[in-house]
Amino acid sequence: MSERLSPDLCVIGAGAGGLTAAAGAAMLGVPVVMIEKDRMGGECLNAGCVPSSALVAAAHRAQRARMAADFGIAATPIVDFEKVRAHVRSVIAAIAPHDSRERFEGLGVRVINAAARFVDPATVVAGDVEVRARRFIVATGSSPDIPPFPGLGQTPFLTNDTIFAVETLPARLVVIGAGSVGLVLAQAFSRLGSQVSVIDAGRPLAKDDPECVNIVLSALAAEGIALFDGAAVTGIRGDAAGVEVSIMREGVARTVGGSHLLIATGRRPNVTGLGLDRAGIAFDAAGIKVDAGLRTTNRRVYAIGDVNGGMLFSNVAHDQAGLVLRNALFRMPVNAARRVVPWVTRTEPELAHVGRTEARARAEGFRVRVLRAAFADNDLARAERASEGRIKIVTTSRGKILGATIVGPGAGELIGVWSLAISRGLRIGALAAALMPYPSLAEIGRKAAVGYFVPGLTGPLARRVIGFLRRFG
Ligand SMILES: Cc1cc2nc3c(=O)[nH]c(=O)nc-3n(C[C@H](O)[C@H](O)[C@H](O)COP(=O)(O)OP(=O)(O)OC[C@H]3O[C@@H](n4cnc5c(N)ncnc54)[C@H](O)[C@@H]3O)c2cc1C
């Protein structure tokens, strides 16, 4: 070894979780070593949230132009895919300095660019550097999970790691996987001009409320995206000229063809090559096993973000980094399982969720009230001609808020207030009492909340009270 380091904290992986942990610790004056084997910024910056959000932004612009005639404005979108790619690259480049080696070295973090592996429970080797740290944080993320479909090994295919680098717009894109990543990219490419088919073995967006998911699926179908759900892939063949995916759906065999194939069937945790066995860190196919405080079976080592197989979101990775610092540096007890996690699928209409779905609340034995309000009844949504969708709130019979799903314009922003409400244990009355600006999309949440009180206010008891009070003049 050319160098031996003994920092307080060694972070493995410079993605969403690792960067937050390293920056936080360094700002508190803790000596930190961060090891990254590839590009700083990890999945989110280079092949995940950032490029997909940038692509979605371009695609939505094209759609706005198509819809402009409804507002009395003529416009026809001309998609220059090379310029779309340049836009995506420039968004990544604009954010990259925040995640860069230079910024972290400026914060006092020693950054090592090499693959890290444990050689014993207290030592990691990266390149020719040996690191013996007081605490380690494993934040190595996840990679595309590629199912063993017959023929896939001989067929060229894309994943999120490669799709943002395709040089020409796919003429006909076949997407396998109708989760959040698959559907968002399907709609984005469709709006940019690709003809898109999506295949899924089960139910699309299976973690979300089906009633709200159906609104998204109807919108995608209306835009011309062909969806084959509940379809088993029985074979794949193709070459650079095109692909054919054979499926079996409801007992009927058929073939879905395209120029490009995108596999978006899920993620697998990056545990290979880390020497976890040597460090006494238990793991399985779902990820590194952690307790409520995100500690692994080696008490010196924590695992955060996608690699622990929890909820695979950047906001979760960021949050877990903060929880681990609290626990590791200040010895404060933390419980990652209690965190309230909102998420958004950036299709149009957007789909956002926090807390329990109606089905989960009922399965857990709650006596629920379900409150709904439609964007069609919101004046601003009407003015914007974006009136598809609704908010659906699930409360206990006594009004404690259990969950919220919003499908419609701005859902990812509107869910924030419900995340706050659920994490603070608020009752629906608090949301009903809070005025929202007019006109605003935020009014839809208040409208749903007020709905909780409507049966009581319009029932016979209310009428009797009003009648009684009338006697006093
Ligand atoms: C297409 C797509 C879109 C997404 N959109 C969203 C979204 O809109 N919102 C959202 O919240 N989430 C989104 N996600 C999920 C999000 O990207 C991940 O949840 C998040 O990046 C996880 O952060 P992480 O720190 O756990 O891992 P990562 O960000 O993946 O970072 C892990 C890092 O560890 C490095 N590494 C791995 N092994 C080693 C090793 N042995 N030694 C050193 N370094 C190593 C990797 O190179 C990588 O840089 C999206 C994901 C995809 C694929």
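The values are calculated or read from the model by the stated rules, or taken from the named source; none is laboratory data. Model, not experiment: these values are computed from the prediction. Methodologically, a virtual Cβ is constructed for each residue, glycine included, from the backbone with ideal geometry; neighbour enumeration extends over all protein chains shown. The area values use the complete protein model at the heavy-atom level, side chains included, leaving out ligands, DNA and RNA. Shrake-Rupley method; radii C 1.70, N 1.55, O 1.52, S 1.80 Å.
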Would you mind telling me the share, in percent, of accessible area of the stretch 91-172 contributed by carbon and sulfur at probe 1.4 angstrom? 55 percent
Taking the Cα atoms of the stretch 27-96, report the difference between the largest and smallest coordinate on each principal axis, in whole Å and largest first. 60, 26, 15
What's the longest bit of the chain with no exposed chymotrypsin sites (Phe, Trp or Tyr not before Pro), using DSSP loop states and at most 16 other Cβ atoms within 10 Å as the test? 1-452
Keeping every protein chain present and rolling a 1.4 Å probe, give me the accessible area per residue for the chain in Å². 47 Å²
Taking only the alpha-carbon atoms of the stretch 1-128, the convex hull volume per residue, in cubic angstrom, is 128 Å³
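Under the definition of Cα pairs under 8 Å and six or more residues apart, what whole-number percent is the relative contact order of the stretch 1-101?
With pairs under 8 Å counted, the relative contact order is 25 percent.
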Just report the Cα centroid separation between the stretch 307-368 and the stretch 1-56, whole Å. 21 Å
Length-normalised contact order for the stretch 361-473 - Cα pairs under 8 Å, 6+ apart - percent: 24 percent
List, in order, the whole-Hz ³J(HN,Hα) value for each residue of the stretch 287-295 obtained from phi through the Karplus relation with A = 6.51, B = -1.76, C = 1.60 and θ = phi - 60°; use x for Gly and Pro. x, 6, 7, 10, 8, 4, x, 6, 7
Can you give me the three principal axis dimensions of the chain from its C-alpha atoms, in Å, biggest first? 91, 60, 45
At a 1.4 Å probe, what is the % contribution of carbon and sulfur to the accessible area of the stretch 256-316? 53 percent
Charge tally in the Cβ shell below 13 Å around V344, where Lys, Arg are +1 and Asp, Glu are -1, V344 excluded: -2
How large is ³J(HN,Hα) for each residue in the stretch 135-141, as worked out from phi by the Karplus curve 6.51 cos²θ - 1.76 cosθ + 1.60 (θ = phi - 60°), to whole Hz, x for Gly and Pro? 9, 10, 10, 8, 9, 8, x
Take every DSSP beta bridge with both residues inside the stretch 1-132 and express the antiparallel ones as a percent of the total, to the nearest 5. 40 percent
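How large is the helix-only mean residue ellipticity at 222 nm for the chain, computed as the sum of -39500 (n - 2.57) over DSSP H runs with n ≥ 4, divided by its residue count, in deg cm²/dmol to the nearest 500?
Taken over the chain, the calculation gives -9500 deg cm²/dmol.
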Taking Rh as the Kirkwood radius, which is the inverse of the mean 1/r over Cα pairs, what is the Rg/Rh value for the stretch 248-361? 1.09
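Can you pull the semi-axes for the stretch 388-473, root of five times each eigenvalue of the Cα gyration tensor, sorted largest first, whole Å?
29, 15, 11
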Antiparallel DSSP beta bridges within the chain, percent to nearest 5: 60 percent
